[in-house]
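One structure, as C-alpha cells, below. Some questions next.
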Amino acid sequence: MDFRFTENQQDLIDAAKAFFIGENTAERMRKIAAGETVDNLWPQFAELGLLGLMAPESAGGLEQPLVVMAGVAEAAGYAGLPEPCLEIAGVSVPHANEEELSGQITRAMRSELRPHIDSSLADSGEVVMSIDPLRKLVKADSGNDQNIDSINHHGAVLSAAQLVGLSQRMVDMSVEYAKDRHQFGKPIGSFQAIKHHLATVYTQIEFTRPMVHLAAIKGGRAVHTAKVAAIDTAMMAAETAIQVHGGMGYTFEVDLHLFMKRAWSLCGEWGDRNYHMKKLEELVLEGDEPLGPGTTFS
Amino acid sequence: MNIEFTSEHTAFREAVREWLAAHVPSKRLPSFDTQEGFDLHREWERTLAKDKWGNVNWPEEYGGRGLDLTHWLIFEEEYYRADAPLRVSQNGIFLLAPTIMEYGTDAQKARFLPPMASGAEIWAQAWSEPGAGSDMAAIRTKAVRDGEHYVVTGQKTWSSRAVFADWCFALVRTEEGSERHKGLSKLLIPLDSPGLTRRPIAQLDGDPGFAELFFDEVRVPAENLLGPEHGGWGVAMATAGFERGLLLRSPARFQAAAARLVNLWREHKDRLSSGVSEQVLQAWMNTERFCAATYQLVSRVQAGASVSSEASANKLFWSEMDRHLHRTAMTIMGAKAELEEGLDAIDNGRWLDGYMFSLAGPIYAGTNEIQRNILAERVLGLPRK
Ligand SMILES: Cc1cc2nc3c(=O)[nH]c(=O)nc-3n(C[C@H](O)[C@H](O)[C@H](O)COP(=O)(O)OP(=O)(O)OC[C@H]3O[C@@H](n4cnc5c(N)ncnc54)[C@H](O)[C@@H]3O)c2cc1C
C-alpha cells in the first residue's frame, strides 16, 4: 500500500505539465478559437512519449498504468489543452486491438457527439459546434453493442482527471486576480467572503483528486464516484471563479471562460452526471455492493 | 502507485476482527458524557489495552504494537465496522500523545504514555477561555513560576469530559506581560489539584459533556511543562495539526454511518421523495472520497511528508460531510426524527444524537470559518489584510 506516484511517475507527469503549459498558452488558445493556424503539437506529443504512455514496451510504449495517464490528464486539463491527446493515448491506444473501436468509443461516451479523436471521423462526420470555442464535435453513429467497460473506465477517469486540473487552474487564476484587483483600497483577496469561497473549492479539489486516482486503479463504483465528484467540483470552481472575477469574468476577453467552457463540456462527456448517479443508485442503493469501513480499497 | 494490502495486512485485519467479535459489548454503552457511561468507556479502554489493541501505532514500550499508520487505518476500519464504543481517551491518545512523542522528555514519555494507553489516566483539553475561543492567542490564564512549580490562575471552558477526566493539558500564559502568540506554554495538570474547581456544563443533549475549569493558584510541578517554556503556541499548533489532520477522525467512523444511512434509506424508501436518494448517495460518496484522500495522506506521511496547513481542508471536509450525512438521516426519519428513545424512536435515537453532535464538528477543533481563513491565507496565499 503506497497510494502515491513513484518518483519516476511524478517526473513524467511534471514534464508533461511543463510542456502543456509552456506550449498551450492563452495566446495559442485564442488563435485556435479565432480559426487561425497554430503550431502542430502532435509530433511533440509523440516525441515526449505521451502517445505511447500506455502502449506496451514491445511496441515502443512506456507501459504506464491508467493512473499515470490520469496524472497527465490532470496536467492537460490544467493547461486547457485542446488536442484530444489524452483520449487517443489513454483510450484509443490501449484498446487499439478491439474491433470497431470507433463505434465503441462513441457508445462509451454516451453521446453521439464526440471530439474528433481520429481524423477519419472528422472528415466523414457532421461537425457540430460547442460553446467551448476550441472544441469541434462530430456526429457519429453509435456502433454495435459490445463490451465497453474498459473503454468507459478509461474515458470517465481521464475526463474526471482533466476536470480536476481545470478546477485547480480556475482557482489559481482567481487567486492571482484576487491578489491584484483592488477595491475599497485593498486587494479583493483580503475580503473574507472571497477567501472562503476559494478555500471551499480548494477543499473539494483535494478530496476529488485521490478519488480519481483510486478510480483509475480500481475501476468499478469508484469511477462513478470520481466522475460525479469531479463534475460537482468543476462546476463549483467555475461558478466561484467567475464570481471572484466580477464583471471581468463575464467577458470573452479574460481567459477564464476558455477553461470554464472546457469544464462544462467535459462534465457531459464519457457519461454525464445522470449516467454516473444512476449507476451508483443501482450499485449502492439497490445492489449488493459491500458498504462501510474497509470496502473502499479491498 | 500501489493499493494492494499485503498478506500481513490481511492477517492483521483478521486478527483485529476476531478480537473485536469476541470483546465488543453486545449492547451500546451509555454516553460517555455521563458518569456511568464514562466509567464503562474507561473499562472498555482497559479491555482494549490489556490485549494491546488500544494504540496499535504506538511504540511497544508505551503500550502499542509499533505498527505504521496503514495498520492504524485498518484497525479503525475494523473497529467501526464492529460498532465498538467511542474512544473516551481520544483527547489523550490522538491529540496529546503525538505531541508528547514529539516534544516530551524521555521522563515525560515514560510517565504519561503508559497510563494513558491503559485507560488509567484520561485526559481533557483545556485551551478555550471565555474570552479566547477562535482567537486563542487572547488566552489570559496565567502561570507564574515559583521555584519548582508554576502557580496557575484563571479560567478555562468547554473542556470536553473534564468533569470526569483525570488530567488536562492546558495552554497558559507563562511570560508576564506577553501578548498574543508569544509567552504561552503547555502545562499538564491533574484535574484533582487543590485550587482547581470543575463546573459541569450541560451540552445540547442535556448531558454534562463539558466543564468550566476555575484555577485559583493551582500549583503545578515545573516538570509538567511540555515543550519549551513560552513556546507553547508552536506545541499547541502541532496538537491542532493532529486534531484537524489525520488522527481524530479517521474515515471508518463516517463510512460506518454512511452504510447505516443506506440501510435507513432502504427501510423507508417507499415514503421518501425522489431527491432523498441523491442525498444518501452524496453522503456515501463523500465518505468514499474522504477514505481515498486519507489513504493518500497516510502514504505521504509514511514517506516522510509532514501535514501543516492542509490539515484544515481535512477538518472542513469531515465536519461538513458528517453534518450533511446526519441531516439526511433526519430527513428520512421525518416525524420520528425528534424521538430520543423508546420503542418508536428509530435506532433508539442514535441518528438524532449523531445529528446533534455533527453540529459541533464545524465548531470544535477550530471553527470552519477559521479553517477557511487558514487555507486561504497559508495555502492559497491570499493577503491577510
Ligand atoms: C463539542 C465541543 C467540544 C469542545 N471541546 C473543547 C475542549 O475539549 N477543549 C477546549 O479547549 N475547547 C473545546 N471546545 C471549544 C471550541 O474549541 C471553541 O468553541 C471554538 O474554538 C470556537 O470558539 P467560541 O466558542 O468562543 O466561538 P467564537 O470564537 O465566539 O465564534 C463564534 C462564531 O464567530 C466566528 N468567528 C470568530 N472569529 C472569526 C474570524 N476571525 N473570522 C470569521 N469568523 C469568525 C466563528 O467561526 C463562529 O462561527 C469545544 C467546543 C465544542 C462545540
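The values are calculated or read from the model by the stated rules, or taken from the named source; none is laboratory data. These numbers were taken from a predicted model, which means no experiment stands behind them. All Cβ positions, even for glycine, are placed from backbone atoms using ideal geometry, and neighbour counts span all protein chains on display. Ligands, DNA and RNA are excluded from the accessible area calculation, which covers all protein heavy atoms including side chains. Shrake-Rupley method; radii C 1.70, N 1.55, O 1.52, S 1.80 Å.
Out of curiosity, is B:Arg372 more than 13 Å from chain A (Cβ to nearest Cβ) and open to solvent by less than 80 Å² (accessible area, probe 1.4 Å)?
On the way: more than 13 Å from chain A (Cβ to nearest Cβ): no; open to solvent by less than 80 Å² (accessible area, probe 1.4 Å): yes.
No, not satisfied.
How many residues are farther than 28 Å from A:Glu7 by Cβ and at the interface with another protein chain (Cβ under 10 Å from one of its Cβ atoms) when one looks only at region B:251-287?
Going residue by residue through region B:251-287, those that are farther than 28 Å from A:Glu7 by Cβ are B:252-287.
If we keep only those that are at the interface with another protein chain (Cβ under 10 Å from one of its Cβ atoms) too, we end up with B:252-263, B:265-266, B:269, B:277-278, B:280-282, B:284-287.
Going through region B:251-287 one residue at a time, the tally reaches 24.
Between a residue in region A:185-211 that is farther than 23 Å from B:Lys385 by Cβ and any residue that is of a type in the set (S, T, N, Q) and open to solvent by 10 Å² or more (accessible area, probe 1.4 Å), which pairs come within a Cβ distance under 7 Å, given they are 6 or more apart or on different chains?
Matching pairs, first to second residue: A:Ile205/A:Gln168; A:Pro210/B:Gln296.
Would you mind listing the helices (runs of 4 or more DSSP H) fully within region B:302-385 where at least 1 residues are within 13 Å of the ligand (Cβ to nearest atom), in contact with a Ser or Thr (Cβ under 7 Å, 6 or more places away or on another chain) and not assigned by TED's automatic domain parsing to the domain that holds B:Gly66?
Values: elements: B:311-333, B:350-360, B:368-374.
Per the criteria, B:311-333, B:368-374.
Out of all the residues in region A:63-85, which are hydrophobic (A, V, I, L, M, F, W, C), more than 16 Å from A:Phe20 (Cα to Cα) and more than 14 Å from chain B (Cβ to nearest Cβ)? Let's see the steps before the verdict.
Going through region A:63-85, the residues hydrophobic (A, V, I, L, M, F, W, C) turn out to be A:66-70, A:72-73, A:75-76, A:79, A:81, A:85.
When the remaining residues are screened for being more than 16 Å from A:Phe20 (Cα to Cα), the result is A:66-67.
Once the filter is applied, which keeps residues that are hydrophobic (A, V, I, L, M, F, W, C), more than 16 Å from A:Phe20 (Cα to Cα) and more than 14 Å from chain B (Cβ to nearest Cβ), region A:63-85 yields nothing.
Also: Show the residue pairs meeting these rules: Cβ distance below 8 Å; 6+ apart or different chains; first residue within region B:319-331 and open to solvent by 40 Å² or more (accessible area, probe 1.4 Å); second residue assigned to a helix (DSSP H, G or I) and of a type in the set (Val, Ile, Thr).
Here the result reads B:Thr331/B:Val276, each pair linking region B:319-331 to a residue that is assigned to a helix (DSSP H, G or I) and of a type in the set (Val, Ile, Thr).
Restricting to region B:205-228, count the residues that are out of contact with any Phe, Trp or Tyr (no Cβ under 7 Å at 6 or more places or on another chain) and hydrophobic (A, V, I, L, M, F, W, C). Quick ask: steps written out before the conclusion?
Taking region B:205-228 and keeping what is out of contact with any Phe, Trp or Tyr (no Cβ under 7 Å at 6 or more places or on another chain), we get B:205-209, B:211-219, B:221, B:223-225, B:228.
Now restrict to residues that are hydrophobic (A, V, I, L, M, F, W, C): B:211, B:213-215, B:218, B:225.
The qualifying residues number 6.
Output yes when any residue across region B:349-357 is open to solvent by less than 10 Å² (accessible area, probe 1.4 Å) and without any contact (Cβ under 8 Å) to a residue 12 or more places away in the chain, and no when none is. Before the answer, list the steps.
In the first step, residues of region B:349-357 are kept if they are open to solvent by less than 10 Å² (accessible area, probe 1.4 Å); the result is B:349, B:351.
Cutting the leftovers down to without any contact (Cβ under 8 Å) to a residue 12 or more places away in the chain gives us B:349.
Yes, there is a match, as at least one residue in region B:349-357 is open to solvent by less than 10 Å² (accessible area, probe 1.4 Å) and without any contact (Cβ under 8 Å) to a residue 12 or more places away in the chain.
Could you figure out which of (1) open to solvent by less than 40 Å² (accessible area, probe 1.4 Å); (2) at pLDDT 95 or above isn't true of B:Phe214?
Of everything listed in (1) open to solvent by less than 40 Å² (accessible area, probe 1.4 Å); (2) at pLDDT 95 or above, B:Phe214 misses just condition (1).
Can you confirm whether B:Arg81 is open to solvent by 10 Å² or more (accessible area, probe 1.4 Å) and over 19 Å from B:Leu187 (Cα atoms)? Spell out how you get there, then give the answer.
On the way: open to solvent by 10 Å² or more (accessible area, probe 1.4 Å): yes; over 19 Å from B:Leu187 (Cα atoms): yes.
Spelling it out, B:Arg81 is indeed open to solvent by 10 Å² or more (accessible area, probe 1.4 Å) and over 19 Å from B:Leu187 (Cα atoms).
Here's the yes/no breakdown for (1) touching a helix residue (DSSP H, G or I) at 6+ places or on another chain (Cβ under 8 Å); (2) of a type in the set (Phe, Trp, Tyr); (3) open to solvent by less than 40 Å² (accessible area, probe 1.4 Å):
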{"position": "B:Glu14", "(1), (2), (3)": "no, no, no"}
{"position": "B:Val24", "(1), (2), (3)": "no, no, yes"}
{"position": "B:Phe38", "(1), (2), (3)": "no, yes, yes"}
{"position": "B:Arg42", "(1), (2), (3)": "no, no, yes"}
{"position": "B:Trp53", "(1), (2), (3)": "yes, yes, yes"}
{"position": "B:Val56", "(1), (2), (3)": "yes, no, yes"}
{"position": "B:Gly63", "(1), (2), (3)": "yes, no, yes"}
{"position": "B:Gly66", "(1), (2), (3)": "yes, no, no"}
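In addition: Give B:Arg378, B:Arg289 a once-over and let me know the one that is crowded, with 20+ Cβ neighbours inside 10 Å, basic (Lys, Arg) and within 30 Å of B:Ala238 (Cβ to Cβ).
Working: B:Arg378 fails: crowded, with 20+ Cβ neighbours inside 10 Å.
Matching residue, one of B:Arg378, B:Arg289: B:Arg289.
Is it the case that B:Leu187 is within 9 Å of the ligand (Cβ to nearest atom) and touching a Phe, Trp or Tyr at 6+ places or on another chain (Cβ under 7 Å)?
Spelling it out, it is not the case that B:Leu187 is within 9 Å of the ligand (Cβ to nearest atom) and touching a Phe, Trp or Tyr at 6+ places or on another chain (Cβ under 7 Å).
Further question: With respect to A:Gly246, determine if the residue is crowded, with 24+ Cβ neighbours inside 10 Å, away from chain B (no Cβ under 12 Å) and either more than 20 Å from B:Phe290 (Cβ to Cβ) or touching a residue at least 24 places away in the same chain (Cβ under 8 Å) (or both).
Numbers: crowded, with 24+ Cβ neighbours inside 10 Å: no; away from chain B (no Cβ under 12 Å): yes; either more than 20 Å from B:Phe290 (Cβ to Cβ) or touching a residue at least 24 places away in the same chain (Cβ under 8 Å) (or both): yes.
Judged against the criteria, A:Gly246 is not a match.
Just a yes or no: is a residue in region B:240-252 in a helix (DSSP H, G or I), out of contact with any Phe, Trp or Tyr (no Cβ under 8 Å at 6 or more places or on another chain), open to solvent by less than 10 Å² (accessible area, probe 1.4 Å) and modelled with pLDDT of 95 or more? Before you say what the answer is, go through the steps one by one.
First, the residues of region B:240-252 that are in a helix (DSSP H, G or I): B:240-244, B:251-252.
Among the residues that remain, those that are also out of contact with any Phe, Trp or Tyr (no Cβ under 8 Å at 6 or more places or on another chain) are: B:240-241, B:244.
Within this subset, residues satisfying the condition of being open to solvent by less than 10 Å² (accessible area, probe 1.4 Å) are B:240.
Subsequent filtering for residues that are modelled with pLDDT of 95 or more retains none.
No, the conditions are met nowhere in region B:240-252.
What is the residue count in region A:1-29 for residues that are open to solvent by 50 Å² or more (accessible area, probe 1.4 Å), over 30 Å from B:Tyr295 (Cβ atoms) and in a loop (DSSP other than H, G, I, E, B)?
1
Restricting attention to region A:163-184, does a residue exist that is of a type in the set (D, E, K, R), within 13 Å of chain B (Cβ to nearest Cβ) and not in a helix (DSSP H, G or I)?
Keep residues of region A:163-184 that are of a type in the set (D, E, K, R), which gives A:169, A:172, A:176, A:179-181.
Now narrow it down to the ones that are within 13 Å of chain B (Cβ to nearest Cβ): A:172, A:176, A:179-181.
Subset that is not in a helix (DSSP H, G or I): A:181.
The answer is yes; a qualifying residue exists.
Follow-up question, since we're still on this one. Can you name every residue in region A:45-62 that is within 21 Å of the chain's Cα centre (by Cα) and either farther than 16 Å from A:Phe19 by Cβ or among the aromatic types (Phe, Trp, Tyr) (or both)?
A:Phe45, A:Met54, A:Ala55
Applying the selection to region A:30-83, what residues are among the polar types (S, T, N, Q) and assigned to a loop (DSSP other than H, G, I, E, B)? Even if it seems obvious, please write down each step before you answer.
Within region A:30-83, the first condition is being among the polar types (S, T, N, Q), and the residues that meet it are A:37, A:40, A:44, A:58, A:64.
A:Thr37, A:Asn40, A:Gln64 - these are the residues of region A:30-83 that are among the polar types (S, T, N, Q) and assigned to a loop (DSSP other than H, G, I, E, B).
May I ask you to say which residue of B:Leu272, B:Leu297, B:Leu316 is out of contact with any Gly (no Cβ under 6 Å at 6 or more places or on another chain), open to solvent by 10 Å² or more (accessible area, probe 1.4 Å) and within 18 Å of A:Tyr202 (Cα to Cα)? Full working, then the answer.
Values: B:Leu272 fails: within 18 Å of A:Tyr202 (Cα to Cα); B:Leu316 fails: open to solvent by 10 Å² or more (accessible area, probe 1.4 Å).
On inspection, the qualifying residue turns out to be B:Leu297.
Still on this structure, I have one more. Kindly list, by first and then second residue, each pair from a residue in region B:261-278 that is within 14 Å of B:Arg327 (Cβ to Cβ) to a residue that is of a type in the set (D, E, K, R) and open to solvent by 70 Å² or more (accessible area, probe 1.4 Å), limited to pairs with Cβ atoms under 9 Å and residues at least 6 apart or on different chains.
What qualifies is B:Leu264/B:Asp347; B:Val276/B:Lys269.
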